[in-house]
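> One structure is given below, represented as structure tokens, and several questions about it will come after.
The values are calculated or read from the model by the stated rules, or taken from the named source; none is laboratory data. Everything numeric here is computed off the predicted structure, so don't read it as measured data. As a convention, Cβ positions derive from the backbone with ideal geometry for all residues, glycine included, and neighbour counts pool all protein chains shown.
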Amino acid sequence: MEIAPGVYSMDQSKGGHVHAFLLDDGTGLTLIDTLFDTDAGRVIDRIGRIDRSVEDLEHIVLTHAHRSHLGGLSTLKRLSGATVYSHAWEADIVAGERTAQPVTPIPMRPLSTYWRVYYLQLGAALGRGKHPPCPVDAMLDDGDTVGPITVLQTPGHTPGHLAFWWPDRKVLFAGDAVATYPVFGPGWPAFTLNPTQHRVSLHRMAELDMDVLAVGHGDPITAGAAERMRSLVEGL
């Protein structure tokens, strides 16, 4: 689905209705996250459907190093030779040299809302769900640019969590700082490792004049995105 000019959303139910985003700015392609499946089939199919080839993929940027977002990374790196980017704190997790920081196994409240994603929480708590490791080629910091997007350092969900802003398209890629599945909210509570940092990051993102809010879990918001983001932050 094209959610803004040159911005294509890809999703799968496995991994908690996880999403990744393919950006075409008229030159090379930039990919934000890589979905859950290790064969990268959905990403490769989307690239083909816009009449491009996987070799046109120049940049793969990662919001953070959780399994749902890293599944296809190793395959895409091998097929495309694209440069892989992450925050320095996440890089050795992506490379398979360190396990991700565990989350609590205590179910999120209310259970009536979050029972559908508890299997992911329990897996993270037990350190399960390994991804095929892939070295990170370049580290990202706040204010860096990759392809058409600007990097926003947004810790809270994880220490090295990143969001990305495409100012020309007014699209914010919020990663797991915001979720629309199973409900619209400030991420999944059990996965927010530092709530204080997370609130600061959300306030920062709410200042952007966005037309589209693209999130890591759940469908993008393509109408009234700025207003909904501000309302979310005001309700914290």
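> If you take the residues of the stretch 194-215 that are outside any helix (DSSP H, G or I) and in contact (Cβ under 8 Å) with a residue 40 or more places away in the chain, which of them is surrounded by the most Cβ atoms within 10 Å (Cβ to Cβ)?
ALA214
> Identify, please: which residue in the stretch 136-157 is in a loop (DSSP other than H, G, I, E, B) and either in contact with a helix residue (DSSP H, G or I) (Cβ under 7 Å, 6 or more places away or on another chain) or aromatic (Phe, Trp, Tyr) (or both) and is, among those, surrounded by the fewest Cβ atoms within 10 Å (Cβ to Cβ)?
Among residues in the stretch 136-157 that are in a loop (DSSP other than H, G, I, E, B) and either in contact with a helix residue (DSSP H, G or I) (Cβ under 7 Å, 6 or more places away or on another chain) or aromatic (Phe, Trp, Tyr) (or both), the one surrounded by the fewest Cβ atoms within 10 Å (Cβ to Cβ) is PRO155.
> Sort through ILE50, ILE32, ILE93 and tell me the only one that's surrounded by 21 or more Cβ atoms within 10 Å (Cβ to Cβ), in contact with a strand residue (DSSP E or B) (Cβ under 7 Å, 6 or more places away or on another chain) and in contact (Cβ under 8 Å) with a residue 12 or more places away in the chain.
ILE32
> Still on this model: I'd like the full set of residues that are within 22 Å of THR145 (Cβ to Cβ) and hydrophobic (A, V, I, L, M, F, W, C), limited to the stretch 48-61.
If the condition is that a residue be within 22 Å of THR145 (Cβ to Cβ) and hydrophobic (A, V, I, L, M, F, W, C), then LEU57, ILE60, VAL61 are the ones that fit.
> Further, regarding this structure: Across the stretch 53-75, what is the total count of residues that are within 11 Å of LEU35 (Cβ to Cβ) and surrounded by fewer than 24 Cβ atoms within 10 Å (Cβ to Cβ)?
So the count comes out to 2.
> Just to be sure I understand the filter: pairs with C-beta atoms under 7 Å, separated by 6 or more residues or on different chains, first member in the stretch 126-147 and modelled with pLDDT under 95, second member part of a loop (DSSP other than H, G, I, E, B) and not hydroxyl-bearing (Ser, Thr, Tyr). Which pairs pass?
GLY127/PRO102
> Could you tell me which numbered condition GLY175 fails, if it satisfies all but one of (1) of a type in the set (Gly, Ala, Ser); (2) surrounded by fewer than 18 Cβ atoms within 10 Å (Cβ to Cβ); (3) within 30 Å of SER112 (Cβ to Cβ)?
Exception for GLY175: condition (2).
> Does THR192 meet the test of being under 23 Å from LEU70 (Cα atoms), out of contact with any Asp or Glu (no Cβ under 8 Å at 6 or more places or on another chain) and β-branched (Val, Ile, Thr)?
Considered against the rule, which asks whether it is under 23 Å from LEU70 (Cα atoms), out of contact with any Asp or Glu (no Cβ under 8 Å at 6 or more places or on another chain) and β-branched (Val, Ile, Thr), THR192 comes out as yes.
> While we're on this one: Scan ARG78, ARG98 and give me the residue that is surrounded by fewer than 21 Cβ atoms within 10 Å (Cβ to Cβ) and assigned to a loop (DSSP other than H, G, I, E, B).
It is ARG98.
> Right, next: Scan the stretch 110-123 and give yes if some residue there is touching a residue at least 24 places away in the same chain (Cβ under 8 Å), in contact with a Phe, Trp or Tyr (Cβ under 9 Å, 6 or more places away or on another chain), among the hydroxyl-bearing types (Ser, Thr, Tyr) and outside any strand (DSSP E or B), otherwise no. Show your work before the answer.
Residues of the stretch 110-123 that are touching a residue at least 24 places away in the same chain (Cβ under 8 Å), as a first pass: 113-114, 116-117, 120-121, 123.
Those still in the list that are in contact with a Phe, Trp or Tyr (Cβ under 9 Å, 6 or more places away or on another chain) too: 114, 116-117, 120-121.
From what is left, the residues that are among the hydroxyl-bearing types (Ser, Thr, Tyr) are 114.
This time we only want the ones that are outside any strand (DSSP E or B), so: 114.
Yes, the stretch 110-123 contains at least one residue that is touching a residue at least 24 places away in the same chain (Cβ under 8 Å), in contact with a Phe, Trp or Tyr (Cβ under 9 Å, 6 or more places away or on another chain), among the hydroxyl-bearing types (Ser, Thr, Tyr) and outside any strand (DSSP E or B).
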